[in-house]
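Undergrad: First, the structure itself, so that you have it in front of you.
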């Protein structure tokens, strides 16, 4: 599915994303500023639940301090 900027994320998708963030071992955030809510808070939820948080992004994000690893390399090389 697609959610365009300014549209709400479907409730079911958000519930599933929160469950995955709180139940998973690793959260990998790739190519995102982590500023658009409510999805941006998934990094904090994952960290609070004990998951390893890895951010791959060219620019700093509000969750860099929360992350276990921050990678500032080109995405196509990292992945």
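Undergrad: Could you list, in sequence order, all residues of region 37-47 that are more than 10 Å from the chain's Cα centre (by Cα) and either modelled with pLDDT under 95 or exposed (fewer than 12 other Cβ atoms within 10 Å of the Cβ) (or both)?
TA: Step one: list which residues in region 37-47 are more than 10 Å from the chain's Cα centre (by Cα), which gives 37-38, 47.
Those that are more than 10 Å from the chain's Cα centre (by Cα) and either modelled with pLDDT under 95 or exposed (fewer than 12 other Cβ atoms within 10 Å of the Cβ) (or both): 37, 38.
Undergrad: May I pose another question? Give me the residue from region 1-18 that is over 23 Å from residue 75 (Cα atoms) and under 13 Å from the mean Cα position of the chain (by Cα) and, out of that set, surrounded by the fewest Cβ atoms within 10 Å (Cβ to Cβ).
TA: Keep residues of region 1-18 that are over 23 Å from residue 75 (Cα atoms), which gives 6-16, 18.
Remaining after also requiring under 13 Å from the mean Cα position of the chain (by Cα): 14, 18.
Numbers: 14: 14, 18: 16.
Result: 14.
The values are calculated or read from the model by the stated rules, or taken from the named source; none is laboratory data. Note that the structure is predicted; figures quoted are calculated from it, not measured. Cβ atoms come from the backbone with ideal geometry, glycine included; neighbour counts cover every protein chain shown.
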